[in-house]
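Chemist: Attaching a single structure in structure tokens format; questions to follow.
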Amino acid sequence: MRFSLYAHAERFADETPWDQLYDELVELVQIAEAGGFRAFWVGEHYGMTFAAAPNPLTFLAHIAARTKTIRLVTGNIVAPFWHPVRLASEAALTDVLSGGRLELGIARGAYQFEFDRLLGGLDAMAGGSLMRELVPVVQALWAGDVAHDGEHWSFPATTSVPAPTQTGGIPIWIAARDPASHDFAVANGCHVCCTPLARDDQEVADLVSKFQTACSAHPERPRPQLMMLRHFWCAAADDEIADGARAIKDWYAYFERWIRNDGAARSGHVPLLTDDELAGKPIYDLAAVAANNLVGTPATLIRRLRHYEELGIDEVSLWIDNGRPHAQKRAILQRFIDEVAPAFA
């Protein structure tokens, strides 16, 4: 099994300089590269300081100049926000500038807050239709001239300029939860990335089962890779586990507030939900947060990850967003590299 790092710049205090946040994120990526991680993933979000990542291609080009070997992945491009010609060309440019290290994760989108501002209130749940149209068109643009007349986009014959460095085009990952998304990914020669969010390992097993079903339905396609994204906290001792669970619970208190899209946002911030407001969801009990996410000592994480390996997961991406200071993030990442990763070398 391989490991990757998943992170955004998190800004909870307005006095923290933006350049400091992005410099700290670069340092985490460099630590991951030195620790043998396969890839770094960064998402695409707008207007939300807890996940400050507009246009991940820009940031990955910045990272490319400061790293040498680590793969650079958009996790994920929000398909409805992009025109196919623009995405194909800008992704190809990033691939060239990174020496052929780019991989393109693509999703339908999740936050109605963003759709209300970028797409005039289009229902975020309708984003899947745009994603399914976008992906094969982008693949075709990398291969040569293509004209397109679809439901969402139409344009005369054109091609991606520049062309990607990687032979055959840039690898694509599809963010999948429902069976149809898994099937679409495999049928179109794409890898699959999943997240159970805060749910337990039964959700992980269910996602793996959907992936395996899709693979079985398309024997004409080589088996793609499966990535599972999970929040993590590598504790030095048992008495630090509660602190890690609290950090991740607080992150979800912000996440759930953004999902509500209730008009509470001011200058990119929302007030996090209180423990009482989260009490109706047992997955946010501190003990459940620790048990469901990758939270624990190195021995516990090795045991949990062995189970994921047995399920057939190819890559686990460690989600380090947790609202805590950079020094704590750096410490838990380095501890994972030193005490967990060697068990899977």
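Every read-out reported here was derived from the displayed coordinates using simple, explicitly stated rules and does not represent laboratory data. Quantities reported herein were computed from a predicted structural model and do not represent experimental measurements. Neighbour counts are summed over all protein chains in view; Cβ atoms, including those assigned to glycine, are modelled from backbone coordinates with ideal geometry.
Chemist: Taking amide hydrogens as modeled 1.01 Å from N in the peptide plane, which residues meet the under 5 Å criterion relative to ASN55, leaving out close sequence neighbours?
Modeler: Under 5 Å from the amide H of ASN55: HIS45.
Chemist: What full-extension length gain, to one decimal in nm, is calculated for ILE259 and ALA205 as 0.36 nm per residue of separation minus the Cα-Cα distance?
Modeler: That pair, ILE259 and ALA205, stretches by 17.0 nm at full extension.
Chemist: Further question: Once you place label points 7 Å from the Cα toward the Cβ at PHE344 and ARG306, how far apart are they in nm?
Modeler: Between PHE344 and ARG306, the label points sit 1.4 nm apart.
Chemist: Moving on to the next point. Whose amide H sits under 5 Å from the amide H of PHE40, counting only residues 5 or more places off or on another chain, with H placed in the peptide plane?
Modeler: HN-HN under 5 Å from PHE40: LEU5, ARG71, LEU72, VAL73.
Chemist: Scan around THR158 for amide H atoms under 5 Å from its own, H built in the peptide plane at 1.01 Å from N, and keep only partners 5 or more places away or cross-chain.
Modeler: Close amide H contacts, sequence-distant or interchain: VAL146, ALA147.
Chemist: Going by average Cβ neighbours within 10 Å, how do the peptides 5-17, 240-252 rank, with the highest at the top?
Modeler: 240-252, 5-17
Chemist: Could you grab the relative contact order for the stretch 2-344? Cα pairs under 8 Å, six or more apart, rounded to a whole percent.
Modeler: 18 percent
Chemist: Using Cα centres only, tell me the gap between the stretch 206-259 and the stretch 300-320 in whole Å.
Modeler: Spelled out, the Cα-based centre of one part sits 9 Å from the other.
Chemist: Restricting to DSSP H runs of at least four residues, report the calculated mean residue ellipticity at 222 nm for the chain, -39500 (n - 2.57) per run over all residues, nearest 500 deg cm²/dmol.
Modeler: Helix-only estimate at 222 nm: -13500 deg cm²/dmol.
Chemist: Same structure, new question: In nm, give the distance between the simple-model label positions of ALA291 and ASP23, each being 7 Å from the Cα along the Cα-to-Cβ direction.
Modeler: My value for the distance between the label points is 4.4 nm.
Chemist: Under a cut-off of 27 Å between alpha-carbon atoms, report the lysines in cross-link reach of LYS249, not counting same-chain residues fewer than 8 places apart.
Modeler: Once the sequence-local lysines are set aside, what remains near LYS249 is LYS281, LYS329.
Chemist: What list of ³J(HN,Hα) values in whole Hz, one per residue of the stretch 292-307 in order, does the Karplus curve 6.51 cos²θ - 1.76 cosθ + 1.60 (θ = phi - 60°) give from phi, with Gly and Pro shown as x?
Modeler: 7, 8, 7, 10, x, 6, x, 4, 5, 5, 4, 4, 5, 6, 4, 4
Chemist: Which residues does the label zone of GLN212 cover in the stretch 149-188, counting backbone N under 20 Å from a point 7 Å along Cα→Cβ?
Modeler: Backbone N within reach: 176-187.
Chemist: Let me ask something else about it. Give a residue-ordered list of calculated ³J(HN,Hα) values for the stretch 260-267 (Karplus: 6.51 cos²θ - 1.76 cosθ + 1.60, θ = phi - 60°; whole Hz; x for Gly, Pro).
Modeler: For the stretch 260-267, the Karplus curve yields 4, 6, 9, x, 7, 5, 9, 6 Hz.
Chemist: May I ask you to derive the FRET efficiency for GLN334 and ALA242 from their Cβ-Cβ distance with R0 = 25 Å, giving the value to the nearest 0.05?
Modeler: The computed FRET efficiency comes out at 0.75.
Chemist: Given the peptides 194-206, 264-276, 64-76, arrange them by the average over their residues of other C-beta atoms within 10 Å, most packed first.
Modeler: 64-76, 194-206, 264-276
Chemist: What ³J(HN,Hα) values, in whole Hz, does the Karplus curve 6.51 cos²θ - 1.76 cosθ + 1.60 give for the stretch 246-258 when θ = phi - 60°, with x put for Gly and Pro?
Modeler: Ordered by residue, 3J(HN,Hα) equals 5, 4, 6, 4, 4, 4, 5, 5, 6, 3, 5, 5, 5 Hz.
Chemist: If you don't mind, another one. Taking a cut-off of 14 Å, what percent of all Cα-Cα pairs in the stretch 244-324 are separated by more than that?
Modeler: That tail contains 68 percent of the Cα-Cα pairs.
Chemist: I would also like to ask the following. Taking a temperature of 4 °C and a viscosity of 1.567 mPa s, what whole-number D in µm²/s does Stokes-Einstein yield for the chain with Rh from Kirkwood over alpha carbon pairs?
Modeler: 63 µm²/s
Chemist: Which angle between 0 and 90 degrees, to the nearest 10, do you get for helix 326-339 versus the longest principal axis of the chain when only C-alpha atoms count?
Modeler: On a 0 to 90 degree scale, this one is about 90.
Chemist: If you count, for each residue, the other Cβ atoms within 10 Å and average over each peptide, how do 330-337, 132-139 line up from highest to lowest?
Modeler: 132-139, 330-337
Chemist: If the label point is 7 Å along Cα→Cβ of ALA65, which residues in the stretch 147-175 have backbone nitrogen under 18 Å from it?
Modeler: none
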